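Structure first, commentary second.
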Amino acid sequence: MTSVMTAGARQGRLERLRERLRSGDAVLAIGLVLVAVQLVWKFDLVRRTFFRQDDFMFIARGLEGPLSWDYLMRIDFGHLMPGAFGIHWAMGRLGVYNDVLAHGLAIGLQAAAGLALLRLLRLLFGTRPAILVPLGFYLLTPMTVPGLSWWAVVAETLPFQIALPMALGSHVLYTRTGLFRHAVAAAGWTVLGMVFFVKAPFIPVLAFVLTIGWLGGVRLRRVWLLYLGVLVPYAVVFFRQLFSSVQLTNAAFEPSLPSAEVAVKAAWTLLTGSLVPTSLGGPWRWQPIGEDYALGATPPALMWASLAVAVVAVTVSVLWRRRAWLAWLLLLGYFLLADVVPIMLGRVELLGPDLSGFELRYVSSTAVVVALVIGLAFIPLQGEERPWRRPAIPLKWVWAPVAVVFAAGSVWSVAAYADRPLGRNVKSYVETGAQALAAVPAGTVVLDTFVPDKVAFPVFFYDYARHSRVLGPTAPHAISWLKQLAGPVADPLIFDRQGRLRPLRIDGVTIPARAACVPVGRDEVRFPLPAPLPDAEYTVQVSYLNGAETTMNVRLGFAQGSAPAGRDLGRTFVPVRGAGNELALRTTGGTSCVGEIRIGVPAPAENGPAIPPQPVGG
């Protein structure tokens with residue numbers, strides 16, 4: 001008898017526990033805990049990142065002038081993002097490279113995005129345990145991780161990931177209550193998204209499909225007119241700026257479409273190599289791009305396995321869930337229009353279909369749409385009549401092992417991405433350079449060379465990849481930057497590979513000084529070279545002893561150059577592009593007595609004193 005009562009009491013406790021877990025308060029609490037836990041998990045990644053590539057250009061541009069219309073509304077290779085430009089403008093004035101502030105903003109925006117999605121899921125499906133599945137997907141998927149490690153992508157896409165679910169949530173409230181203020185709120189959130197991200201105009205399209213499929217038709221004339229009133233001005237401004245904004249190449253943007261073969265390959269790779277695997281916990285393996293970033297590198301076997309799993313999931317949902325086909329069609333349409341089309345307008349030709357196809361930042365913001373579609377394809381809406389095409393699957397907890405496998409894959413993939421220096425070495429370079437500029441006197445002459453590729457690629461960012469643009473804003477006083485050595489420059493310094501300032505030397509061929517200096521006047525004096533020099537750009541360093549100021553004329557092959565030479569003992573630099581096996585010198589305005597001659601390229605003197613002596617954090 002006692003054992004029967006004990007069993008009954010145990011069963012009663014289990015029933016009460018199940019009821020608590022099913023209650024809205026428990027689901028909401030679990031959702032909030034999931035959001036908080038993923039913030040702790042992702043902060044461990046974010047705190048190790050630093051500014052990279054585009055970030056330096058955007059911050060430098062922000063420091064060049066006021067917060068003007070021209071600055072904010074410039075389209076950067078197809079991206080209209082005045083909100084992000086405004087953040088970069090402010091960032092430059094709040095410590096220039098203030099990574100603590102950037103990390104705080106990234107985590108804050110990520111928290112807001114998670115909460116916004118939780119709100120949308122509760123409005124659509126009710127506060128039931130099932131909504132924790134699409135929420136958990138968004139919080140865990142590696143699809144968003146590369147974008148979260150890149151400040152420029154964070155400032156552009158995370159506000160959109162907040163605006164999209166907030167706008168759709170307000171639209172849902174409008175369809176249910178008829179209160180126009182909810183429609184105005186939806187339009188406002190859409191505008192906020194468009195201020196930051198070029199994909200935001202698709203929010204009303206998502207709202208339209210959501211309405212015709214699940215929210216009771218499209219007889220909402222006022223709201224569609226309101227959304228149209230938001231989209232039309234945006235389109236006018238966008239296309240006007242698109243064809244008038246001057247790019248870094250000093251030319252207007254000219255959209256061009258790739259060949260059909262390249263377009264299809266890029267779209268297929270982005271779908272099967274990026275979107276589908278990361279929706280299932282991939283890509284499991286990464287292809288590093290430098291030290292601080294990586295592309296997805298899904299193994300071919302896992303790529304096909306992911307595609308097979310996706311086909312099974314879609315098939316099952318379509319067979320059992322009404323209008324699941326529309327949910328998947330919504331995702332496919334969004335993917336093609338919002339993810340594929342923008343990269344077709346020039347980026348595929350620049351990067352190639354493979355590189356662009358495995359670039360997860362192109363689909364990072366799509367994680368919100370995937371989470372929404374998972375809900376629409378598998379979960380009945382709150383109050384929805386006849387949600388199933390046939391009796392519900394009796395395996396109620398079939399999602400549990402799938403969720404466990406997805407979570408394990410996601411943790412594996414994120415850990416594999418984080419297993420690299422990330423921003424450590426770039427931060428060391430920038431902070432070392434900033435300390436070096438602070439240590440030298442005002443007016444110090446520094447050759448304005450390009451920063452290393454790991455900081456910013458000169459082939460993409462041109463002059464914005466020079467030290468004057470990247471490190472110059474950190475200097476507490478004026479520095480005399482020289483793009484080219486020409487004339488009698490006294491004690492120029494140059495940055496080494498670790499970000500330290502060192503004395504400059506000309507690395508190349510040396511014509512040693514003779515026992516006595518060689519007089520050079522108006523007639524050419526030829527100096528044989530130890531070995532022929534191929535055609536290239538060179539800097540010629542001539543040491544001299546002058547009684548008066550002269551002009552040194554240099555000839556290398558058919559190429560000529562000239563630069564002034566000062567009085568007394570000194571050296572002058574003459575830039576020249578040419579080739580040959582001898583160097584010819586002559587002067588105008590006086591006679592020079594020439595000593596050592598060096599021909600080559602400027603480089604840091606590795607044996608010279610370094611400022612600072614050791615790299616910061618190195």
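The values are calculated or read from the model by the stated rules, or taken from the named source; none is laboratory data. The model shown is predicted, which means the values in this text are computed figures rather than measured ones. Neighbour counts run over all protein chains shown; Cβ positions are idealised from the backbone, glycine included. Areas reflect the complete protein model, heavy atoms only, side chains present, ligands, DNA and RNA absent. Shrake-Rupley method; radii C 1.70, N 1.55, O 1.52, S 1.80 Å.
Couple of notes before you dig in:
- Taking every residue in the range 34-51 that is in contact (Cβ under 8 Å) with a residue 24 or more places away in the chain and pairing it with any residue that is open to solvent by 70 Å² or more (accessible area, probe 1.4 Å), at least 6 positions away or on another chain, the pairs with Cβ-Cβ distances below 8 Å are VAL35/LEU115; ARG48/ARG424; PHE50/ARG424.
- Taking the conditions (1) buried (at least 20 other Cβ atoms within 10 Å of the Cβ); (2) modelled with pLDDT under 90 in turn, GLY589 satisfies each one other than (1).
- Restricting the range 61-76 to residues that are touching a Gly at 6+ places or on another chain (Cβ under 7 Å) and hydrophobic (A, V, I, L, M, F, W, C), the residue that is nearest to PRO201 (Cα to Cα): LEU72
- Those residues of the range 72-89 which are more than 20 Å from ARG240 (Cβ to Cβ) and open to solvent by 40 Å² or more (accessible area, probe 1.4 Å), in sequence order: ILE87, TRP89
- Test: residue in the range 517-536 that is more than 18 Å from MET57 (Cα to Cα), open to solvent by less than 20 Å² (accessible area, probe 1.4 Å), in contact (Cβ under 8 Å) with a residue 40 or more places away in the chain and within 35 Å of the chain's Cα centre (by Cα): no
- Matching option when the condition is touching a residue at least 12 places away in the same chain (Cβ under 8 Å) and of a type in the set (Gly, Ala, Ser), among ALA475, ALA415, ALA400: ALA475
- Some residue of the range 285-293 being touching a Phe, Trp or Tyr at 6+ places or on another chain (Cβ under 6 Å) and under 30 Å from PHE77 (Cα atoms): yes
- Wholly within the range 139-246, helices (runs of 4 or more DSSP H) carrying at least 2 residues that are among the β-branched types (Val, Ile, Thr) and open to solvent by 10 Å² or more (accessible area, probe 1.4 Å): 151-177, 180-196, 203-214, 221-242
- Within the range 507-516, being open to solvent by less than 90 Å² (accessible area, probe 1.4 Å) and more than 17 Å from ARG571 (Cα to Cα) holds for no residue.
- Residue list for the range 352-377, filter: over 15 Å from the mean Cα position of the chain (by Cα), at pLDDT below 85 and open to solvent by 10 Å² or more (accessible area, probe 1.4 Å): GLY352, PRO353, ASP354
- Count of residues meeting criterion [open to solvent by 10 Å² or more (accessible area, probe 1.4 Å) and outside any loop (DSSP other than H, G, I, E, B)] in the range 111-136: 11
- The residue that is farthest from VAL542 (Cα to Cα), counting only those in the range 455-486 that are in contact with a helix residue (DSSP H, G or I) (Cβ under 6 Å, 6 or more places away or on another chain) and open to solvent by 60 Å² or more (accessible area, probe 1.4 Å), is PRO476.
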